[in-house]
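As structure tokens, the structure follows; a few thoughts come after it.
The values are calculated or read from the model by the stated rules, or taken from the named source; none is laboratory data. Every value quoted in this text rests on a predicted model; they were computed, and no experiment measured them. Cβ coordinates were reconstructed from backbone atoms using ideal geometry, including for glycine residues, and neighbour counts include every protein chain displayed.
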Amino acid sequence: MSIISLSNISHNFGDDDIFKNISFTLEDNSRIGLVGRNGSGKTTLFKIIIERILPKEGFVHVAKNRKIVYLTQEPELDETQTLQECVLESRLDYIDLKQKMETAENQLSEDHSEQNLEKYSQIVQKFEQIDGYNFQTEMKLVLTNLKFPENVWNQGIAKFSGGEKTRIQLAKFLLQSFDAILLDEPTNHLDLEMIYWLSNYLNRIDKPYIIISHDRHFLDTTVTKIVEIKDKTLHHYGGNYSFYREESECRAILQKKEYKNQQKKLKKMDDQIKQYRIWGRARDSEVMFKRAKELEKRREKIEEIAKPAKAKAINLNIQTNGRSGNDVYVLENLAFGFPGKTLAKNVNFRVGYQNRIAVLGRNGCGKTTLLRLFNGELKPQKGFSKKGAGLNIGYYDQMHLILDDSLTVQDTLWKLVPFETRGYVLSYLARFGFRGDDVDKKVGILSGGEKARLYLAKLIHEKPNLLILDEPTNHLDIDMINSLEEALLEYEGTIIFVSHDTYFIEKIAKQKWFFRNDTIEETVLALEELFSEKEEIIKINKSTKIKTKSQNINPIVLEKFYQKIELVNSRIEELNAAVESLEAEFHKPETYKNDKTVKKLTKEINDKKLELNFLKVELDNLEHEYLELSE
């Protein structure tokens, strides 16, 4: 059954058509990735679906009594609330029924009448129908996995950073009840651990969704269909992102071949029509003119294959103004951080010429701080940091703070090359997608993707021999990311970067530095092994008897931790079975003949569910400690 149906939708901004006569449905089992270049209309389509924007033509139909929720890129939160108030607001039905249940419990304790008992039973039944007993646990698990421990739940929204607000909004949307969800760049501001968790979370929920994302690995693991906005229409692909890439290339080759064959056929028909008319005039023959007319009618009925659009190539071509020395950085017994807080210590590394290093770790561990130290913005707290000779550093700041909002796009580049012609500036900017009126836009009004492209243009023009990149793929569309990857693979300098894009890391990095146990270690482990779900890693460690890297951890200690985890799991299974058995008693008519029995059963169920909640949190903490020790 279709939850959302779009029929012959057309929309434009001014004279620019965004899409024409598109149709689309979201079914109960749909898991769709929506892709397309920046500016192709992905977010506009979402806003049309939820009726924030009315299309110029066509109709949107949402099935009756179906709730569609939309996760925007920009947080829409009430900053007067606390984190907990904000998240609880996502389930007003839970708050309402919980209050009613508490009131009914108090009334029942004072008056054991059959009327109060029936009222209480009905509220409990409704509470169970909305899965109320599990909501508090689910809230803890979601907030914990998005790195919000309980000690910050009463903190005001206004005190959180922009990235944290984005994660709060994600938690709020995941926890509310919905029939379908639209997610616009949900992995922004998530580290790899959180992205892997979100991927698994979405795979577990039995609800349809549409995801806009430039994270190719995330799309590979979460969607079963890709819809591409291209040439003002929709193209459908039955598979994940990797399938879409292969299939779209095959389709492009086939379309090109079919177009050429059809053009040959049409030219042959046009030539034949022309020849019949020549013969008709030369011989004064009505028969020839008739044949020409008949062939012309056949020609007009042929539906012409669209000429394959030639993609505008993006050739970044990152050059250097001379190479650096062999030693780019030498770090000895280095400690760094902020006053009163050390993020890493005992760091000993050498960065060599043409190294490509990915700096990895959970949010807040110090990745960006390390990049700023390399860039000379910070000094180490302790130890030795030697910078190599002949370095020309190109630093990509994910916040793009170096850009001047008051300048236009072309003036931003012209400031670097004041003696170059306007033709040179326009030609260079065109390589980064800035054409026509785009070059006269003020930097302050550019979108996130446009600022990212301009920042790259400025950085590459300076021809650095060391690139320090902090989340360079943020806000770039997939085509631009692919172009950046190709340019970096051809780049002859040294690269140190932070990214949460799995594909980008695996393609570019030759070395991986991982923040762990208050220091930084080089690792050869795959990203999934470093960041994927704890339960799976624990099972792997146990079944394959992997030895710990740390010689200070006694294997007996690890074995005891694992035994604790097994005991907690067993107790959770026992409690689930007990709750199921107790709830079955409510299906017996004789149960309701005795209000004391009902009250006793209700208390036992509530007590066991409360214990279950605590055990699930305890299990999460035990698994986290186990992994910390086994690393």
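Restricting K599, K616 to residues that are out of contact with any Asp or Glu (no Cβ under 7 Å at 6 or more places or on another chain), buried (at least 16 other Cβ atoms within 10 Å of the Cβ), at pLDDT below 75 and under 23 Å from K147 (Cα atoms) narrows the list to K616. For the list (1) modelled with pLDDT of 85 or more; (2) closer than 24 Å to I205 by Cβ; (3) among the polar types (S, T, N, Q), I need the number of the one condition that Q136 fails. The number of the failed condition is (1). Pairing each residue of segment 1-21 that is among the hydroxyl-bearing types (S, T, Y) with any residue that is not in a strand (DSSP E or B), provided the two are 6+ apart or on different chains, yields C-beta distances under 8 Å for S2/A63; S10/P55; S10/K56. Checked against (1) of a type in the set (V, I, T); (2) exposed (fewer than 14 other Cβ atoms within 10 Å of the Cβ); (3) touching an Asp or Glu at 6+ places or on another chain (Cβ under 7 Å), T187 meets all criteria but (2). Residue pairs whose Cβ atoms lie under 7 Å apart, sitting 6 or more positions apart in sequence or on different chains, and linking a residue in segment 89-108 that is β-branched (V, I, T) to a partner that is surrounded by 15 or more Cβ atoms within 10 Å (Cβ to Cβ), are I95/L88. Just one of the listed residues (G352, G340) is in the same structural domain as F432 (by TED's automatic domain parsing) and modelled with pLDDT under 90, namely G340. Scan segment 275-310 for residues that are in a loop (DSSP other than H, G, I, E, B) and either touching a residue at least 60 places away in the same chain (Cβ under 8 Å) or among the β-branched types (V, I, T) (or both) and the total you get is 4.
N154 meets the conditions (1) of a type in the set (S, T, N, Q); (2) outside the structural domain of S5 (by TED's automatic domain parsing); (3) surrounded by fewer than 16 Cβ atoms within 10 Å (Cβ to Cβ); (4) assigned to a helix (DSSP H, G or I) in every case but one. The failed one is (4).
Would you confirm whether any residue within segment 45-58 is crowded, with 17+ Cβ neighbours inside 10 Å, part of a strand (DSSP E or B) and free of Cβ contacts under 8 Å to residues at least 60 places away in the same chain?
If we filter segment 45-58 for residues that are crowded, with 17+ Cβ neighbours inside 10 Å, which is where we start, we get 45-49, 55, 58.
The next check asks that each one be part of a strand (DSSP E or B); those that pass are 58.
Next cut, free of Cβ contacts under 8 Å to residues at least 60 places away in the same chain only: 58.
Taking every residue of segment 45-58 in turn, at least one turns out to be crowded, with 17+ Cβ neighbours inside 10 Å, part of a strand (DSSP E or B) and free of Cβ contacts under 8 Å to residues at least 60 places away in the same chain.
For segment 365-379, the candidate set comprises residues that are part of a loop (DSSP other than H, G, I, E, B) and surrounded by fewer than 18 Cβ atoms within 10 Å (Cβ to Cβ); within that set, the residue that is nearest to the chain's Cα centre (by Cα) is N375. Scanning segment 71-96 for residues that are closer than 23 Å to F127 by Cα and either surrounded by fewer than 20 Cβ atoms within 10 Å (Cβ to Cβ) or not hydrophobic (A, V, I, L, M, F, W, C) (or both) gives Q84, E85, E89, S90, R91, L92, D93, Y94, I95, D96.
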